[in-house]
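Asks: Dumping the structure here so I can ask a few things about it.
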Amino acid sequence: MDGEELTEQETALYDRQIRVWGADAQRRLSKSHILVCGMKGTVAEFCKNIVLAGVGSVTLVDDRIVTDESLSANFLILPHENHYNGKTLAEVCCDSLKEFNHMVHVAVETGDISTFGVEFFEKFDAVIISCCSLGKKKLINQKCRKLSKRVAFYTVECRGSCGEMFVDLLDYKYSKKKLEETIECQIEYPSFEEAISVPWRALPRRVSKLYFAMRVIEQFEDVEGRNPGETTIADLPGVLKLRKELCETNVQY
Amino acid sequence: MASQEQLSAIKRAKVLMVGAGGIGCELLKTLALSGFQDIHIVARDAVLRFRPNISITPYHANVKESRFNVDFFKEFDVVLNGLDNLDARRHVNRLCLAADIPLVESGTTGFLGQVTVHLKGKTECYECQPKPAPKTYPVCTITSTPSKFVHCIVWAKDLLFAKLFGDKNQENDLNVRSSDTANSSEHSEDVFECRKDEDIERYGRRIYDHVFGHNIEVALSNEETWKNRNKPRPIYSKDVLPEEQTKENGNEEKGCAADDVSAMVSLSLKNPQDIWSLVENSRVFLEALRLFFLKREKDIGNLTFDKDDQLAVEFVTAAANIRASSFGIPLHSLFEAKGIAGNIVHAVATTNAIIAGLIVIEAIKVLQKDNNNYRMTYCLEHPSRKLLLMPVEPYEPNRSCYVCSETPLSLEVNTQRCKLRDFVEKIIKAKLGMNFPLIMQGASILYEVGEDLEEDMVVIYAANLEKALSELPSPVASGSVLTVEDLQQEFSCSINIKHREEFDEEKEPDGMLLSGWVEAPVDKDNNKPIGNDESTSNALPSMETLEGEKDDEIQETSEVVEAFSGKKRKLSEVSEVTAPDPSGPSSINQNKPEKLDIDDEDDELIISDDWESFTKKKKL
């Protein structure tokens, strides 16, 4: 993407979506760099959408080896049987994503990014984390927040047919239209850690019960040293016990 | 996770998808991931490279073909539409009704989307609720008194472009004037033909002067027209582009293939989002015309406007802009003009993905005959009460729907003047959406189409088309009842005829008035059903559908407001309030739909500083 203007190719390819969000938004998209960690389900959908949208680059992180199980609900992994010998999820998804849009640079990063320095995250405009432990999420979020540049932070967790997404846009300025007027607004987003530390009794009544359920499972996995998403029906007694404890702690005055 | 019953219902299901565009692609992916094993797709365009252990049977054809008849549809457990035009949707709707197969309909336009479920006898059919007809404009507005840019586009596309590059034998209103019949039509016929030894540049300027100069002057001569309107000004090429030497520019070497020919490239106009000046538009007009004659000679005479034909888009943009300039209407960029002329529906992958997911959710309910849980789900552009998805219970069938409730229609028409042909084109095909009609009065067949008709019948029917209704072998008069059928759609309805002498040219340009047929008001709002672009028919002289100036807010209101008007009865009267259940599917909407307010101020969130410059709402 050289220069300020969209190329002829981009204008033609992105015609329909430019008509939705405008050429300026398209330009900004083409200059954006996204980091995605944890290639599963929802994240695969997200990658498809952001690549089709014409983002500048997508960097994938997931060193887990492809297994049969990975195939379920991740359409970026084609069931080409023996093709995969030892390839990681990130590598396979990278190959597929490249085909969705040749104009987007898709790459793989290996290693545990929560150990990477702050400068690593500076390369990106948005970071999306999934299938990560509680500790890792907090750590990565903190690194993003340390930068002078805004690096948007998202986590997404899907369990069965329920899901949760967290967004941290740090110090966010936006415009709000009311009738003919445009008002400038600003929101200060809390960090992930701050957000989940809010005592439950302080939360508004209409907060979905799903929020609490997610916190319980999150804690459970943290305490039991489980990999994210590996809580099964067999763990139910333990989960319910923890739920009871947490409710009591949080609801006490 | 799906229950065992759901999984087995899914595995057993034979599903038909119609359409493989934006929604279709996402839908196919979602169906495959959800465990569907037997998927059939009817689509005009090709797709398909997928998981080998699923059976995907493609039919690269238009769903209106006769082989996709009721028996074909009966083979499926559910039909899923991913179409982009009203015509095909109505067609499939009728076939699903005839076959008694559930239909899940859907549509998206930008960030807006919807999914609806239709079961014969249990819910509304797709046509129970008024679907706004494609917008048409009176002929005189287009030819003489345009007031909006879209009128200029229609003129440029359907008149000028058609006259210069389209079928010469086609009737054309380009020289229609509100008065002044002094000029013989024979004289004007020659104007648009390039003379034998005429230089292309000369020819271009001659055409320019004729349509933007001479024709305007003639129109001005009729004082009456301009009594309460702003007068247009004639524009002549010599004033805008003083005689220039023929451009011999190196740019002509670029894009030698006929397909790549472009006036913009030739004139170094880089950005399709720029609004050209009158001078630039005039240059583009002349250059495009020149390029058509020089590089695409063989196309001339058979071209119809195609939004993907760059040169055609350039020509139409320039012509429309010059006309707009003449009438004091604001000019538009090529990008905008293309959208209007091409009826482009703006789209993003994310909405399609959401809608595809919802389609599968409804499809699974249908397979399980989960009658109480069907939902019409609307995906909003802006959250309402923090919710982006709005599920609503389906309504009972509309008792006066002429499609699923067999209500007779009424037609007021001048039976002595109106030809059968007009009746067939404007009413049967355009309004009633029948593609292969059979028209009868009593036992007498007035007209039919079919592959195996006898020669002499074909001759009779052809002759009938040219006759006035009152002169048909079985004369049609006030009180006559016509039965109209489309055998392929297995759909039939009756029309009561009433003779009327006069019709208002402006309000009833077709010279006919159909009632009992549910139609939404066609006015400046231009409310389109979500995801429909092309017009349903090319009946002349009403002008084709166009997008016009879209107002974002309007888009949301049509279907959604209907849903909340509370006028119709829901399938079940039982309250929807249920407690949120964290272990169940993510709860989207706990409250009774009636209580949701669409105009929730709090949630008008707009992201960027530059949004304003993009949306540029045009006030009428």
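The values are calculated or read from the model by the stated rules, or taken from the named source; none is laboratory data. Model, not experiment: these values are computed from the prediction. Positions of Cβ are generated from backbone atoms using ideal geometry, with glycine treated the same way; all protein chains shown enter the neighbour counts. These accessible areas exclude ligands, DNA and RNA; they are computed on the full protein's heavy atoms, side chains included. Shrake-Rupley method; radii C 1.70, N 1.55, O 1.52, S 1.80 Å.
Asks: Give the calculated FRET efficiency between B:Arg44 and A:Leu147 to the nearest 0.05, with a Förster radius of 35 Å applied to their Cβ-Cβ distance.
Replies: On the way: r = 49 Å, r/R0 = 1.41.
It comes out at approximately 0.10.
Asks: Other chains' Cβ within 10 Å of A:69-75 residues: what's the mean? Show your work: numbers first, answer last.
Replies: Values: counts 0, 0, 2, 2, 2, 1, 6.
Shielding by partners across A:69-75 averages 2.
Asks: Evaluate peptide A:173-180: per residue, the Cβ atoms of other protein chains within 10 Å of its Cβ; return the mean as an integer. Mind showing how you got there, number by number?
Replies: On the way: counts 1, 6, 8, 7, 6, 2, 2, 1.
Per residue, the number of nearby Cβ atoms from other chains is 4 on average.
Asks: Additional query: For the stretch B:409-515, divide the Cα radius of gyration by the Kirkwood radius and give the resulting Rg/Rh value with two decimals.
Replies: Working: Rg = 13.2 Å, Rh = 13.9 Å.
That ratio equals 0.95.
Asks: Return the percentage of antiparallel bridges among DSSP beta bridges fully within the stretch B:409-515, rounded to the nearest 5 %.
Replies: On the way: 20 of 25 bridges.
The answer is about 80 percent antiparallel.
Asks: About the Cα centre, and with charges only on the beta carbon of Lys, Arg (+1) and Asp, Glu (-1), how big is the dipole of the stretch B:409-515? Nearest 20 debye, please. Walk me through the numbers before you get to the answer.
Replies: On the way: 10 positive and 21 negative charges, 73 e Å.
Taking the Cα centre of the stretch B:409-515 as origin, the dipole is about 340 debye.
Asks: Take each of the peptides B:400-406, B:432-438, average the number of other beta-carbon atoms within 10 Å over its residues, and list them starting from the highest.
Replies: On the way: B:400-406: 17.1, B:432-438: 20.4.
By packing density, highest mean first, the sequence is B:432-438, B:400-406.
Asks: Separate question: Per residue, what volume in Å³ does the convex hull of the Cα atoms of the stretch B:283-327 enclose? Write down the numbers at each step before the final one.
Replies: Working: hull volume 3.3 nm³, N = 45.
Output value, Cα hull per residue: 74 Å³.
Asks: Taking the simple approach of a point 7 Å from Cα along Cα-to-Cβ for both B:Lys122 and B:Thr57, what is their distance in nm?
Replies: 2.4
Asks: Read phi for every residue in the stretch B:453-463 and hand back ³J(HN,Hα) as whole Hz from Karplus 6.51 cos²θ - 1.76 cosθ + 1.60, θ = phi - 60°, with x for Gly and Pro.
Replies: Per residue, the Karplus-derived 3J(HN,Hα) values read 7, 6, 3, 5, 5, 4, 5, 4, 5, 4, 5 Hz.
Asks: By average Cβ neighbour count within 10 Å, what is the ranking of B:490-501, B:109-120 from highest down?
Replies: On the way: B:490-501: 17.2, B:109-120: 23.5.
The most tightly packed comes first, giving B:109-120, B:490-501.
Asks: Please give the length that would be gained between B:Glu505 and B:Val191 if that part of the chain were fully extended, namely 0.36 nm times their separation in residues minus their C-alpha to C-alpha distance (nm, one decimal).
Replies: On the way: separation 314, 0.36 × 314 = 113.04 nm, distance 2.85 nm.
Stretched out fully, the B:Glu505 to B:Val191 stretch lengthens by 110.2 nm.
Asks: How high is the FRET efficiency between A:Glu69 and A:Asp235 when r is their beta carbon distance and R₀ equals 22 Å, given to the nearest 0.05?
Replies: 0.75
Asks: Residue by residue through the stretch A:52-62, which ³J(HN,Hα) values in whole Hz follow from phi under the Karplus form 6.51 cos²θ - 1.76 cosθ + 1.60 (θ = phi - 60°), with glycine and proline marked x?
Replies: 3J(HN,Hα) across the stretch A:52-62, in whole Hz: 4, 6, x, 5, x, 8, 10, 10, 9, 10, 5.
Asks: Along the Cα→Cβ direction, 7 angstrom out, place labels at A:Tyr211 and A:Gln9. What is the inter-label distance in nm?
Replies: Distance between the two pseudo-spin positions: 4.6 nm.
Asks: List every residue whose amide H lies under 5 Å from the amide H of B:Leu409, counting only residues 5 or more places away in sequence or on a different chain, with H placed 1.01 Å from N in the peptide plane.
Replies: B:Ser494, B:Ile495, B:Asn496
Asks: Rounded to whole Å, give me the distance from the Cα center of the stretch B:291-331 to that of the stretch B:65-137.
Replies: Answer, in whole Å: 35.
Asks: Other chains near A:20-30: what is the mean number of their Cβ atoms within 10 Å of each residue's Cβ? Intermediate results must be reported in sequence, preceding the final value.
Replies: Working: counts 10, 8, 7, 7, 7, 5, 0, 1, 2, 0, 0.
Mean inter-chain Cβ contacts per residue within 10 Å come to 4.
Asks: What does the charge add up to near A:Val58, with Lys and Arg as +1, Asp and Glu as -1, over the other residues with Cβ less than 14 Å from its Cβ?
Replies: Working: positive: A:Lys31, A:Lys48, A:Lys98, A:Lys123; negative: A:Glu45, A:Asp62, A:Glu91, A:Asp95, A:Glu99, A:Glu109, A:Asp125.
So the environment of A:Val58 carries a net charge of -3.
Asks: Let me know the shape class of chain A, please: from the alpha-carbon gyration tensor, a ≥ b ≥ c as square roots of the eigenvalues, rounded when a/c is under 1.5, otherwise prolate if a/b is greater than b/c, or oblate.
Replies: Values: a/c = 1.99, a/b = 1.23, b/c = 1.62.
Since a/c reaches 1.5 but b/c is at least a/b, the shape of chain A is classed as oblate.
Asks: A follow-up question, please. Amide H neighbours of A:Ala152 under 5 Å, counting only residues 5+ apart in sequence or on other chains, H built in-plane at 1.01 Å?
Replies: HN-HN under 5 Å from A:Ala152: A:Ala126, A:Val127.
Asks: Pull up all non-local amide H partners of B:Val476: gap of 5 or more, or a different chain, and H-to-H distance under 5 Å with H placed in the peptide plane.
Replies: B:Ser470, B:Glu471
Asks: Could you order peptides B:142-155, A:123-136 by the average number of other Cβ atoms within 10 Å of their residues, highest first?
Replies: Working: B:142-155: 23.9, A:123-136: 19.5.
Highest-to-lowest ranking by the protection proxy: B:142-155, A:123-136.
Asks: Roughly how many nanometres apart are two label points built 7 Å out from the Cα toward the Cβ at A:Ser175 and B:Glu171?
Replies: 4.9
Asks: I would also like to ask the following. Quote the FRET efficiency, to the nearest 0.05, computed for A:Ile183 versus B:Glu243 with a Förster distance R0 of 56 Å and r equal to the Cβ-Cβ distance. Walk me through the numbers before you get to the answer.
Replies: Working: r = 54 Å, r/R0 = 0.97.
Using R0 = 56 Å, I get an efficiency of 0.55.
Asks: Could you please put B:His91, B:His60 in sequence from largest to smallest accessible area, using a 1.4 Å probe? Walk me through the numbers before you get to the answer.
Replies: On the way: B:His91 0, B:His60 115 Å².
Descending accessible area places them as B:His60, B:His91.
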